[in-house]
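Here is the structure we will look at, set down as structure tokens.
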Amino acid sequence: MAALMPAPAASRLLLSGNEAVARAVWEGGVKVAAAYPGTPATEMMEVVSTYPDIYAEWSVNEKVSLEVAIGAAYAGSRAFCCMKHVGMNVASDALMTLTLTGVIGGLVIAIADDVGLSSSQNEQDSRYWGRFAHVPVMEPADSQEAYEMTLAAFDLSEKFQVPVILRMTTRINHVKSLVTVGERTTHVGAGFKKEPGRFVMVPGNAGKRIPLMFAREEKLREAAEISPLNFIEQGSDKRVGFIASGPAYMHVKESFPGAPVLKLGYSFPVPFEKCRELAAMVEQVVVVEEVEPLVETELKAQGIKVLGKEILPRQGELSPNVLRPAIAKLLGETMPELQSTAALEVFPRPPTMCVACPHLGVYYTLSQVRNISIAGDIGCYTLGAGHPWNALDTCVSMGASMGVALGMDKGRGESDKDKRILAVIGDSTFLHMGMQGLLDIVYNKGNVTVLLLDNRAVGMTGGQDNPGNGRDIYGDDTPRVNFAALVEALGVKKERIHVVDPYQLPVLFRTIREEVKVPEVSVIITDQPCVLVKDYHKLKPFEVIDDKCTGCGNCVDVGCPAIHVTRRGKEVKPSGKEVDLAFVRIESSVCTGCGLCVQPCAPKAIVHHVPVSPIKLVKSCGV
């Protein structure tokens, strides 16, 4: 990513919410920043790493990233970490003790919620963490607010010595708008000062900190009542008033520009008196929040009459096309019918892997192996669950393939007592949370074959570096993990560890077929880089000789997007069985020459592409 060079004071930049937060992190004098990639949060750390005067790192997981930030904050420096919503599940162990110790230097934790499930396995509401950990939550509604609230969060963090959660959503993370920015302010950390009663959280010390945490929360609530981030906008239509935060506020303003609105920027602790003030000026109050009824529930507990999820959905974005019909029904109004237009038939485009992805051969092979159960994991390779491979049976969370596979092995029923159990996991995911799972399989003598897909990148989030490729966030050389040595150190027998080229289908197939028969732990490491990173080198592309193609469709089953079916047909075999035919062509302009499609091609109809010279092309036209 190109560096966003420091801009002059009070200049305006077109920034996404992620870029705006990164800018504020730099301006706020942060010294240490850490993260693990995860959409929609990834770009925050990518951009932070382009600014001077900040130590930035890709950590091996979100828990480690938070712990790095905690250490810097204990030392009196300002610190920042960011993650997607499911990442806080991993980091929460550290968070729930951090809330007792508090911080010295300002610490802001940006959590990006994927409202609407754009790229996640679940839809979470990270505002819960504010309630659970008794720490303040801020919710920007656009890039300018993301910038301003990040700066305000550092000030609040230092004033109350508490970590602050900046709750983002996909809508804010990725949408760009103009942001007025300033210059960096230097903050010098005072250094770590020994205070065992505060920073050593054994039970005796922790018990004494809990009353201080509750007292701090009351002060934070008082601060929320007077915070300029929480304000009421007067409106002329008093029939319904709204309480909203984040992008939901923008949806309310677009849908009901004449309604009174309480905008919650500093949304937890909830400013109850401000909410009562709004309720007193309107006939009804509707709480518009994505996605859980947190503010609604707390207001009802306070005796404030509000509506919320009785009339609004508990999943997805609350956009105007959702809000307007709900409020119209509440008011007994009839919504004007939209003029219907004939729906356009669009060719379906399900998510798939990239052209020549090294995972293609793995899933093509797995689709040919019978009598197996396959535990999947989080990453590009999760797409193996789709067509044409249908080669994943479970997907839960990062690293879960290890434990799930062991559970499948130990919990076999009568119908699957003879089934082979495989676990599929990527290199970064293995380092993130899979190592412990493999150790557990070894320790408990599981009968599981592990496919460790090393593509030298955090592929799903854009090809970020990790300890498996020997480069840090700045692209500088760093020690590279030797996966074969690592899994051996975790207890896998050396003879049960195989490093194979995923483009060599016969070798891959033979290795998988042999290892699943061995009644102990084995690990097969595929070792070819992601096609989108600089480690990958393209080869000469291929093309299909039309006259030789029999329509067998074997190449289609590989699943490479460069292969296009030009026409289909049917053939009746001598046995009387009717088979489908698929005649194909290869888009040579995108083919990288990996050779995966060549190997299963029965009639040998796929050959290296020979470009036609301009002179030949002209002559073929009769010139």
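What follows is calculated from the coordinates using simple rules that are stated; it is not laboratory data. None of these values were measured; they are calculated from a predicted model. Here Cβ is always computed from backbone atoms with ideal geometry, including for glycine, and neighbour counts include all displayed protein chains.
Some observations on this one:
- Mean residue ellipticity, 222 nm, helices only, the chain: the sum of -39500 (n - 2.57) across DSSP H runs of n ≥ 4, divided by residue count and rounded to 500, is -10000 deg cm²/dmol.
- All C-alpha pair distances within the chain, sorted into 10 Å bins from zero, spread as 3, 14, 21, 21, 19, 13, 6, 2, 0, 0 percent across the bins.
- Charge dipole (debye, nearest 20) of the chain; +1 at Cβ of Lys and Arg, -1 at Cβ of Asp and Glu: 920 debye
- Lys517-Val610 FRET efficiency (beta carbon distance; Förster radius 51 Å; 0.05 resolution): 0.70
- Across the range 589-599, computed HN-Hα scalar couplings (Karplus, 6.51 cos²θ - 1.76 cosθ + 1.60, θ = phi - 60°) run 5, 10, 5, 9, x, 5, x, 4, 6, 5, 5 Hz from first to last residue, x flagging Gly and Pro.
- FRET efficiency for Lys159 and Asp93, using Cβ-Cβ distance with R0 set to 25 Å, rounded to 0.05: 0.45
- In sequence order, calculated HN-Hα J values of the range 83-92 (Karplus, 6.51, -1.76, 1.60; Hz; x Gly/Pro): 6, 7, 4, 5, x, 5, 4, 6, 7, 5
- Karplus 3J(HN,Hα) series, Hz, for the range 538-543 with 6.51 cos²θ - 1.76 cosθ + 1.60 (x for Gly, Pro): 6, 10, 5, x, 10, 8
- Residues Ala215 and Leu330, FRET efficiency given R0 of 41 Å [Cβ-Cβ distance, rounded to 0.05]: 0.55
- The packing ranking, built from the mean of other Cβ atoms within 10 Å per residue, places the peptides 286-299, 194-207 in the order 286-299, 194-207, highest first.
- Dividing the mean sequence gap of close Cα pairs (under 8 Å, 6+ apart) by how many residues the range 358-527 holds gives a relative contact order of 23 percent.
- For the cross-link pairs Lys253/Lys305; Lys274/Lys309; Lys517/Lys573; Lys63/Lys219; Lys31/Lys534; Lys219/Lys305, the ones whose C-alpha atoms lie over 32 Å apart are Lys517/Lys573.
- Gain on full stretching of the segment that runs from Val369 to Val590 - 0.36 nm per residue minus C-alpha separation: 76.6 nm
- Net lengthening on full extension, Ala301/Thr180 (0.36 nm per residue, minus Cα-Cα): 39.6 nm
- Kirkwood Rh, Cα atoms: Rg over Rh of the range 230-330: 0.91
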